[in-house]
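Everything on this sheet refers to the single structure shown next.
The values are calculated or read from the model by the stated rules, or taken from the named source; none is laboratory data. Note that the coordinates shown come from a computational prediction; the quantities given were computed from them, not determined experimentally. Please note: Cβ atoms are built from the backbone with ideal geometry, for glycine as well, and neighbour counts cover all protein chains shown. Just the protein is used for accessible areas: all its heavy atoms, side chains included, with ligands, DNA and RNA removed. Shrake-Rupley method; radii C 1.70, N 1.55, O 1.52, S 1.80 Å.
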Amino acid sequence: MGHPDFRDPGGDRIGPPGLPVPSQVRDVSPVPFVVDRQEASLLGLARAIWRHRGVITAVAVVFMIGTGIYIAHQKPLFTSEGAIVIASRKVMIPGVEAVSTPTGDIAIIRSEMGVLESRTLLDEIAAELHLDANPEFNPLLRPADGGLLARLDPRPYLHRLLTPAAEAPVDRHAYVMAAVEAQLAQNLTLINNEKDYVIRIRFRSESPQTSAAVVNTLMRRYLAQYAQIKKSAAEDADTSLNARADQLRRDADQADAAVADFVKNHKLIATQSGSIAAQQL
């Protein structure tokens, strides 16, 4: 019977021969991770920026040139503003629905804002101001833009690529009116902060005269439509009151006739003499 073969911890074998020796686990002190304080400091960041100053300067110059070209090709826009107050005083008429202007409820205000930007009012504004003859609103009157930004714009190429070759003929008038209406709706802004009954109307345009004319025309058209609605409501109320008065007059005549028939049929004589009891009888 063999003897186990043990060896000391200095590297000699421990255990009987022919058997695997278990690995020995030793504690190893962790190596500290040292960060270069110079590179992590602000001074190191400044040095890194200075080393790449050429690239940073080139990128900044390219962006500045591109921004300058874009701003140079943009036309100045002028904004006009007006305000309309939505308030009401209900007129209560017995037997008739209340005749009133729109209330200050937020839903009514949102509805009035929808009326202000409706197609009906926009079409009336376009027709009154003849915006179809204005190149700002009519794309067919704009001169061809041969600038660098126009040539780099990918939208015309994508439009020709995605549009079928055979198209139905487009009505020129309908196309112009749709473009004018779209431009009006795009440049029109309605604002209400939900804390008051004021609707602010803002419109921007390349011409200050056009901007002011659109705001004034929109407000005038809206107020005229609003006055027409009130007039129609008053006329309806007047018609209803006259019909009610005629009905009450007929009822009074029928009541008088019934009383006269009752007096005649029962041979009652009206007299002012006698006692109160007799007069009541």
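No other residue among ARG200, ARG220 is open to solvent by 40 Å² or more (accessible area, probe 1.4 Å), farther than 9 Å from SER80 by Cα, among the basic types (Lys, Arg) and in a helix (DSSP H, G or I) apart from ARG220. Scanning the range 223-234 for residues that are open to solvent by 70 Å² or more (accessible area, probe 1.4 Å) and at pLDDT below 80 turns up ILE229, LYS230, LYS231.
Among the numbered conditions (1) touching a helix residue (DSSP H, G or I) at 6+ places or on another chain (Cβ under 8 Å); (2) modelled with pLDDT of 75 or more; (3) surrounded by fewer than 10 Cβ atoms within 10 Å (Cβ to Cβ), the only one that LEU42 does not meet is (1). Counting just the residues of the range 162-187 that are farther than 30 Å from LEU77 by Cβ and small (Gly, Ala, Ser), which one comes out modelled with the highest pLDDT? Per the criteria, the residue is ALA168.
Matching residues to (1) modelled with pLDDT under 80; (2) outside any strand (DSSP E or B); (3) in contact with a Ser or Thr (Cβ under 7 Å, 6 or more places away or on another chain); (4) of a type in the set (A, V, I, L, M):
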{"position": "ALA98", "(1), (2), (3), (4)": "yes, no, no, yes"}
{"position": "PRO102", "(1), (2), (3), (4)": "yes, yes, yes, no"}
{"position": "MET113", "(1), (2), (3), (4)": "no, yes, no, yes"}
{"position": "LEU122", "(1), (2), (3), (4)": "no, yes, no, yes"}
{"position": "ALA127", "(1), (2), (3), (4)": "no, yes, no, yes"}
{"position": "LEU140", "(1), (2), (3), (4)": "no, yes, no, yes"}
{"position": "LEU149", "(1), (2), (3), (4)": "yes, yes, no, yes"}
{"position": "ARG160", "(1), (2), (3), (4)": "yes, yes, no, no"}
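Residue count for the range 44-88, restricted to those that are more than 29 Å from TYR222 (Cβ to Cβ), within 41 Å of the chain's Cα centre (by Cα) and outside any helix (DSSP H, G or I): 1. Here the range 180-197 is the region considered, the condition is being assigned to a helix (DSSP H, G or I) and in contact (Cβ under 8 Å) with a residue 40 or more places away in the chain, and the residue that is surrounded by the fewest Cβ atoms within 10 Å (Cβ to Cβ) is ALA185.
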